[in-house]
Structures are given as structure tokens and as C-alpha cells.
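Below is one structure, written out as C-alpha cells; the observations come after it.
Read-outs throughout are calculated quantities, based only on the coordinates presented, and are distinct from any laboratory measurement. These numbers were taken from a predicted model, which means no experiment stands behind them. FYI the Cβ positions are ideal-geometry reconstructions off the backbone, even for glycines, and counts take in every protein chain you see.
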Amino acid sequence: MSKSIIKAAGLFKSYKMGATSVDVLRGLELTIKKGEFVAIIGSSGSGKSTLLHILGSLDRPDSGDVFFDDENLNGFSSRRLNKFRNKEVGFVFQFYHLLDELDVLENVYLPSMVSRSIIGWFGFKTQARQRAAGLLERFGLADRLTHKPYQLSGGERQRVAIARALMNEPQVLLADEPTGNLDWQTGNDILNVFTELNKAGQTIIMVTHDQRIAQKAGRVITLVDGRITD
Amino acid sequence: MYKIILAFRYLLKRRISYFALFAVALCVFVVLVVMTVLSSLTADFKEKTHRITGDCVISSRSLAGFPYYEDFLKTLEKQDIVEAVSPVIKSYAIVKTPQNEQTLKIVGIDPCSHNRTTGFSDFLYYKNFTPLEKVADFNSDGKKTLTGYPDAGSIFTPASDTNMPAVIAGIAVMFDRNSGGKYNAPISLPTTEITITSFPITAKGTLERAGTSVVASKTFVLGNVVQTGCSADWENIYLSFNDAQNLCGLAGEPKRANAIHIKFSKGVDINKGCAKIDSLWREFAGQNKDLAYSNLFKNVSVQNWRDYNRTTIAVAETQQALMIIVFAMIGVITVFIVFVVFYMIVCHKSRDIGILKSVGASNGDLMAVFMVFAFLTGLLGSAIGSLAGWRFLVHINQIEGWLFRHFNFQLWDRTIYAIGDIPNKIDLSVLAIIILSAIAACLLGAFIPSRQAAKTDAVKTLQVNRL
């Protein structure tokens, strides 16, 4: 049996909405094993995205712990959390979230630049460009390297976003409604990319509200009222 | 590296950042042009005032002057710190020319020693005189042998065939100026008789020969005119030391002078030199306190050239101070403009901030992106402003000339102000200060928005539905 890579224990999270406080996560327990492709489904407002952000350390729980490779993220310093987001996880968002000022290739190797100083970057630039170009070629975007994000279709942008998420070879890919802004066919293509990545050993946690999409994953977790029901 | 790339792209691809660039460029342009012109005018005025005065002046506040100046001159000449000294008579007189009659300052000088002390001959308008240094060398055996101060300078010997001694008038005393700022001085000096009528003052401070004839009058011929760019141009008339001493009643025993101008040797700090001269004077006055008319010593003070010309320099320095205040306000406006523009950019780029945080950028990194952006804005804005300012200054006189020809507009009315061409030489150290200040203003203006960028919640910016 493979080892767990992410473990959430007793996660609580609430948001203030005006005068009232909305409890989003209520003592959530979750374990993700290395190499799993997990889909988290739930209705709108069930806390799926919040959970994903907490697992990727973009957000912090009010209480509870997230363990990554048996290390508690609560004990990480800001610096280590930045490194964690840079090296260990890769985010894919519904709206792609590419930087318009950078071209496709630069967007992909952005995580590699973030983790290096100017001098370090000059020593690594060629290697980074090669890896980014390789990823883009793998996703059928070899002829789009110098294009700007706004010159691409939605599906192409999402593939660029996936390439960027994979740039630093993260252990876990966190995808927040990755097909939510795409038509069925394009969305299906993206899911096929995920399936291939998972077959190659990539751990993927995908949030979606669509049951059909979730079925592509190896395991489906349903989130209801801030807790996992199955 | 991404910080520089992103900052550079934000600068070039966000149109709103052009406003910040334009604001910085405009401020640098204005400050550079105004600083260059006004500072050069002020510096030029001070430099000329310094040259025409010498480094240090021992002067009496009384027209009665002070006695035993010749003895003190010998003391001064022995000092290593002193390169040259010049005794001067200063008073007021009614000066009658063929055109008019006016009250002017009469300044009695020994041309050789005064030229050594102040570079007086450099300011003479007509250059067809025997070089003063040559006369000085001819009359002296070396650096400090100007004993007796002979009235030997050829400048008071008129070129025209006349037995009358010559005087040198301030150029504005004799000639008007045209709208281009040039004096209407003829090519060769006209033969002009000038009558000087003064009021001789005794050592007791009273008018000589009271009750009978109380004035001394002498007619001279115009030997040259002096153009200094300072008040001397319209206030002064120079004559030989002996003539002035006689006209002012200071020639009787003990002979008196109104001032001694001093030039220090090279490398001597003016303030320290003046302090040394002050101490020597006090010692001299103390040693001679029992001599006749030593009471006149109490009117004597030792000042550096700046303090001696305080009344005129203060005006220029006040203008400079006002200019600095105005520029400080311009700086504050620049900071505010940069702040507003950066605040808008940070709000507009909040999604980028979230993206960068999601790939591991720290708060410090994000702040650095916008601070580098601000630095580039300051640098590029300064470069544009400096270049525009430089081109404008190169052509400023032609521009003013064109405006005058077509719209009768002049920055300074040349018939009133003693200004020729508008100075346009950029002081590189001033330019460096302006550029650094512009960059600092950009960094200051961008600091709060950059901090706000660093503190932005990534989750809020990346999500449409937060839950």
C-alpha cells in the first residue's frame, strides 16, 4: 500500500460574511495517497476550493492540521511555505490565471524563476527553457511558445497553466475546477491530460462540481456541509 | 529575475504607467531647466561679486575712513596667506556727464594692486589699454613689493590727447542697453568729460572747510567703462586712489582709506583667512590705540566677500531658497502622482499578485516587483526629462529670441536686468541629484502600494466564488 502524501486532520474554517460567520469546513478529515487521482465534489459553497487552498497552503485553517509527507504545514515558516508552494505543489485554476505580460514559455518557466536569484537564474535559464518547451510540446503547444496568453484559446491556456504547474515537478497537482470554463470536448482533453499524468505517477487532487468529470478520477470524495461523507 | 522582467513589462505595457513616467519626466525637465538657469545666474552673480571684491575686506562703516592703513598694508604683505592687497577709497559724489548728473559711488583704487586683488581689468569693456599685470610687474620687484602703491596704472591715463586724468565708469552709468541686453557702447571710446563733485570729510567726521566751500570738484575724461554684471555697473565710478583720496578729504595727515581688499594665496580657506586677518587687525588696532584719530578704528570690521556683499547676495540667496521650496513641493506632487498611479496598478494587477503567490513568490518578492517598477519609472522618466531638458537648454536662447521676435516676450527684460544670454550649462552634479531625487520620489510614492501588494490575500484574488 502506497504512503499517504497529504493528510488533513480536524480542519475547521469559517468566513465572515457581513455580520454573520459561515462555517465552511467543520472538522474535515482526509488522506491522499501518493499517486492517487482524487476528485473532490460538492455543491457550490460546500468548501471544495477552500479545502484545496488549505491543502496547497494558500490559505490557513482556523484549526486543524495539514500534513505533507508527515510534516505539519502549521509548523512551516512563511519562507518554507513559499518554497512548499513553489516546489511541492502545482496549482491549476478554473480561469487559468496566466500572466498577460509574459509569453507562453515565460509563463511556464515562471515557477523556476521564482525559486532562483538573478545569478542562479542565468545559470539555469537554458535548462528551464528546455524543460518548459518540452512540457509545452508534450501538451501540443510547441508552436505557441512566443504567443501571449490572450492569443490562445481556453483549452490552450489551461494546458499552459498545467505545464506551469508541472514545471518544478511538484509531488501534488491541485486543480480547482480545471474544466469549469471549457466546453465539453476541451474539458475532456484536459481530463485526458490529467489521466496521463496520473498514469505516470503524478498525484492529482481535483475539485469539481460535475459528477461526470469526477468519474475520471480514481477516487471521488464528496464534500457536504464541510465534511466528507463517504 | 522575474521581478525585473515583470516590472519592465508593467512599465511598457500598462498605459497608466505612462502617466507616472510623464509626471516624472515633466518634473525632472522643469527642475533641470529652472535649476540650471537660476542657479547659473546666481552662481555667476556670486562669482563676479567675489572676483570684483576679493576674498576679504577690511572696511570702515564711516566715510571718514581709518588712518594708518599703509602700516597695516605692510603687515598684511608679510603674511603667507595674503597674495595681494589693495587700499580703496569709497564715498559718494555728484557725477556730471554731458548727458546727465547723478549721485554715484566713487571708488578710488590703485589699478595695479587692485587688479592683483580683484582681477579688475577682466571687467574693462575696452581692452585697448596697457595690460595691468605688465605695469604691476614693471613697478614691482616681486610678489610682495608693492610698497607705496604708485598711481602708475595706465588705465587712468586717457588715450586721447588731453592733460586730464581719466576715470572708469560703470557701463550702465554711460550707456543704455538695447532689448537684446547689449549696451549701446560705441566701438571706440568717445572723449567724454566727467566732473566729480564730492564732500571732503575730515578725520573728525565733519565736512572740510565748513562754512566756506564745502565741496571738492575735479574734471576727468572717460578712460574706460567697466562691465561686471553686478551693481558696480550702474553705481560706481572708479578713479585713481590719490585723486579719490584728495576729493574725499582723506589725504591729510594721517592719510586715510575706507577699505582694504585682500586676496588670499591659493588653498587658503576664506573663513580661516578672514579670522586670521581679523586677529591681525585687532592686534594692530590695539598697538596703535594711542595714536591720533585711532578712535576711527572702532568703525572698522573684517568680513569675507560674501558678508561684505550681504545686501545684494541675500536677494539671490532668497530666490534660491524659494526655488528649493517650490521644487520640494514639485517633489511632493510627484510622490503623490506616483502613489495614485501605483495604487491603481496594484488594484488592477491583484490577480497577478495571487498567481505569483501561488507559485511561491514571497511578500517581499511581490513588494520588490513594484519597487523595481517604481525604480524603472524614476530612471526612465528622469532620462526622458533630462534629455528633453538638455535639448531645451541647448536652444533656450534661440527659443527666447524667437519668442521675442514674434511675440515680444522676454524672460528678463534686458533693458532692466544685467543679463546677457540665458545660461544653459548643465551642472552634472546637479543633474545627478535631480535624477536621484526623482528615483527616490518614485520609490517613496510606490512604497505604500507595494506594501499593499505584498499583503494582498492570494485566495481573494484568484477565486470568483470564495467558498
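In debye, nearest 20: dipole of the protein assembly as shown around its Cα centre with unit charges on the Cβ of K, R (+) and D, E (-)?
Working: 75 positive and 62 negative charges, 352 e Å.
Here the protein assembly as shown has a charge dipole of around 1680 debye.
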Kirkwood Rh in Å, taken over the range B:1-89 so that all alpha-carbon pairs contribute: 19.0
Label points 7 Å out from Cα along the Cβ direction at B:GLN398 and B:ALA383: separation in nm? 2.6
Summed residue charge, Cβ within 13 Å of B:PHE220's Cβ, Lys/Arg positive, Asp/Glu negative: 0
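For chain B, what does the relative contact order come out to in percent, with C-alpha contacts under 8 Å and a separation of six or more?
Values: 782 pairs, mean separation 128.7, N = 467.
This gives 28 percent for chain B.
Please work out the FRET efficiency for the pair B:ILE433 and A:ARG212, using the Cβ-Cβ distance as r and a Förster radius of 60 Å; give the result to the nearest 0.05.
Numbers: r = 68 Å, r/R0 = 1.13.
So, using R0 = 60 Å, E works out to roughly 0.35.
How much length is gained if the chain between B:ASN295 and B:TRP390 is pulled fully straight, taking 0.36 nm per residue apart and subtracting their Cα-Cα distance, in nm to one decimal?
On the way: separation 95, 0.36 × 95 = 34.20 nm, distance 5.78 nm.
Length gained between B:ASN295 and B:TRP390: 28.4 nm.
Among B:ARG177, A:ARG85, A:ARG26, A:ARG157, what is the fewest-to-most ranking by other Cβ atoms within 10 Å? Before the final figure, lay out each step's value.
On the way: B:ARG177 20, A:ARG85 26, A:ARG26 14, A:ARG157 23.
Placing the least packed residue first, the sequence is A:ARG26, B:ARG177, A:ARG157, A:ARG85.
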Footprinting proxy, B:ILE353, A:ILE228: sorted fewest to most Cβ within 10 Å, the residues are A:ILE228, B:ILE353
How much FRET efficiency would the formula 1/(1 + (r/R0)^6) give for A:THR20 and A:ASP62, where r is the Cβ-Cβ distance and R0 is 22 Å, rounded to 0.05? 0.90
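What does DSSP give for the protein assembly as shown in terms of the percent of beta bridges that are antiparallel, rounded to the nearest 5?
Details: 61 of 89 bridges.
Approximately 70 percent, going by the DSSP bridge assignments.
If you add up the charges near B:THR197, with Lys and Arg at +1 and Asp and Glu at -1, over every other residue whose beta carbon is less than 12 angstrom from its beta carbon, what do you get? Display every interim value, and only then the final one.
Numbers: positive: B:LYS96, B:LYS218; negative: B:GLU101.
Result for the neighbourhood of B:THR197: +1.
Rg/Rh for the range A:89-169: what does it come to with C-alpha atoms and Rh from Kirkwood? The partial results should precede the final answer.
Working: Rg = 11.7 Å, Rh = 12.4 Å.
Result: Rg/Rh = 0.94.
For the range A:28-87, take the convex hull of the Cα atoms, compute a quarter of its surface area, and give me that in nm², please. Please report the intermediate quantities before stating the final value.
Values: hull surface 18.7 nm².
Averaged projected hull area, Cα only: 4.7 nm².
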Per-q log10 I(q)/I(0), chain B, q = 0.11, 0.13 Å⁻¹ (Debye; single scatterer per alpha-carbon; no solvent): -0.92, -1.14
Residue (of B:ALA388, A:PRO149, B:VAL37) at the positive-pole extreme of the protein assembly as shown, dipole from beta-carbon charges: A:PRO149
Principal axes of chain A: Cα extent on each, largest first, Å: 47, 45, 41
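Show me the helices of chain B, taken as full DSSP H stretches, that run 27 Å or more along their long axis by Cα and average 1.0 or above in Kyte-Doolittle hydropathy. Don't jump to the answer; show the numbers that get you there.
On the way: long enough: B:16-34 (28 Å, 2.91); B:310-348 (56 Å, 1.87); B:363-394 (46 Å, 1.42); B:428-455 (40 Å, 1.69).
Counting only whole DSSP H runs, the qualifying helices are B:16-34, B:310-348, B:363-394, B:428-455.
If you count, for every residue in A:78-84, the Cβ atoms of partner chains within 10 Å of its Cβ, what is the mean?
Values: counts 3, 2, 0, 3, 8, 2, 1.
Shielding by partners across A:78-84 averages 3.
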Please name whichever of B:LEU12, B:PRO254, B:ASN163 sits farthest to the positive end of the charge dipole of chain B, dipole taken about the Cα centre and charges placed at Cβ: Lys and Arg +1, Asp and Glu -1. B:LEU12
Over 26 Å between Cα atoms, which of A:LYS87/B:LYS349; A:LYS13/B:LYS460; A:LYS16/A:LYS48; B:LYS48/B:LYS425; B:LYS276/B:LYS298; A:LYS87/A:LYS199 qualify? none
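Taking the Cβ-Cβ separation of B:ASP421 and B:GLU235 as r and a Förster radius of 25 Å, what is the calculated FRET efficiency to the nearest 0.05? Write down the numbers at each step before the final one.
Working: r = 24 Å, r/R0 = 0.94.
Step by step, r from the Cβ atoms, then E = 0.60.
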Rounded to the nearest 20 Debye, what is the dipole magnitude of chain A about its Cα centre when Lys and Arg each give +1 and Asp and Glu each give -1 at the C-beta? 500
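Assign unit charges at the C-beta atoms only (+1 for Lys and Arg, -1 for Asp and Glu), then state the dipole size of chain B relative to its Cα centre in Debye, rounded to the nearest 20. All intermediate terms of the calculation are to be shown ahead of the outcome.
Working: 46 positive and 36 negative charges, 479 e Å.
Here the size comes out at about 2300 debye.
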How would the range A:152-225 be classified by its alpha-carbon gyration tensor: rounded, prolate or oblate, with rounded meaning a/c under 1.5 and the a/b versus b/c comparison settling the rest? oblate
Top positive-direction residue, dipole computed over the protein assembly as shown with Cβ charges, set B:ASN236, B:ALA454, B:LEU104: B:ALA454
What percentages, rounded to whole numbers, describe P(r) for the protein assembly as shown computed over all alpha carbon pairs with 20 Å bin width beginning at zero? 15, 30, 17, 15, 16, 7, 0
